[in-house]
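Written below as structure tokens is the structure these notes are about.
The values are calculated or read from the model by the stated rules, or taken from the named source; none is laboratory data. This is a predicted model, so every value here is computed, not measured. For neighbour counting, all protein chains shown are included, and Cβ atoms are generated from backbone atoms with ideal geometry for every residue, glycine included.
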Amino acid sequence: MLHAAFAAALEQLPRHFERHGYDRSGTAELREAVAHWYERRGLPTPPDHILITNGAQHALALLARTLVSPRDKVLIDHPTYPHAISTFTAARARLLPVAVAPSGWDTAQLQAAGRIASLAYLIPDFHNPTGLCMPASVRQSLRLACPTVIDETMTDLALDTASPEPFAMHMPTAISIGSVSKSIWGGLRIGWIRATPSLLERVQQTRYATDLGTPVVEQLATAVLLNEGRTQRPGALQQLRSQRDTLRQALTEHLPHVHAPQPAGGLTLWATFPQPISSRLAAIAPDHGVSIAAGPRFGIGGAFERNIRLPYTLPPSQLTQAIRGLAQAEQALTRGATGAHGPAPVA
């Protein structure tokens, strides 16, 4: 699939050679393809409402540089994506966490926090790390007083439910970011921002300080993939379901005291241990052949020491082997062992 998309992109490339190759907005082909992706999901979107970036994390960093000043309050889900925490911390923002409970989002708390925040960052579509999907009733009623960034990188990874509607259908002022790194391939570092042209112009001005645009060939290949509907792949979703079920079964067999609800989509389980051992477990797990992301990486103030994020993106045999190793690590921890390695990087 990827090879065919890049082959098609190379066929289209010569018509771009007369241009300088630097485009802060992205190629017309890809902006149109992203706009059509939103339209197929029920949200009319002109191409001039799209700006192409080097992945969704790049999109978030550009928005943070554009919209956040030092000491501004930024509302975040709690837990949330670790690199979002790093991005806002680097911008010297003050983080305003609002809990994502096992039952989901609290509309009243979000709206109260939104009244004192300068920006909000939410992951309503198969939330990272919990896998929760914000119900349509919450989307329809939620109105935040501050600019709101909606992370849609997981939206095409619906496993047990239909893909959610774009959040901006209910909150037209929402700023949406997305990418193909989760739905197609992590090495395809293409993302986007959907916002008003006036805001995108401000982002373009900010972008001068970091980069001069996104590589053209990758943009053309991504346009091919989006136009062919390749972000929704039944075979890949079935494989993820199988791997998710294997991981949960391995937990039942080897770590039965660990609670890990079944997410309706996304790529991870959010597992809860009876005791606050997450950081110590992450430190010792590499000695048993396993790298995990400790819960505090997903929050602030030392929260989530009872949690770890468990991706189900490996083959079933490796997932089972990993949980066996994790169980051995927990047993070693109870015997007083300490790890020789530090926590693994978080993706």
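Output the number of residues of the range 302-323 satisfying the condition of being free of Cβ contacts under 8 Å to residues at least 40 places away in the same chain, surrounded by fewer than 20 Cβ atoms within 10 Å (Cβ to Cβ) and not in a helix (DSSP H, G or I). Residues that pass the stated criteria total 3. Of all residues in the range 1-32, those that are hydroxyl-bearing (Ser, Thr, Tyr) and over 29 Å from the mean Cα position of the chain (by Cα) total 0.
Against the conditions (1) among the charged types (D, E, K, R); (2) surrounded by fewer than 21 Cβ atoms within 10 Å (Cβ to Cβ); (3) not in a helix (DSSP H, G or I), Arg202 satisfies every one except (3). If the condition is being in contact with a His (Cβ under 9 Å, 6 or more places away or on another chain) and either farther than 30 Å from Leu96 by Cα or hydroxyl-bearing (Ser, Thr, Tyr) (or both), then the range 281-321 contributes Ile284, Ala285, Pro286, Asp287, Ser291, Thr320. Only one of the listed residues (Thr214, Thr231, Thr268) is surrounded by 18 or more Cβ atoms within 10 Å (Cβ to Cβ), at pLDDT 95 or above and not acidic (Asp, Glu). That residue is Thr268.
In the range 244-280, of all residues being within 22 Å of the chain's Cα centre (by Cα), outside any loop (DSSP other than H, G, I, E, B) and without any contact (Cβ under 8 Å) to a residue 60 or more places away in the chain, the one that is farthest from Val100 (Cα to Cα) corresponds to Asp245.
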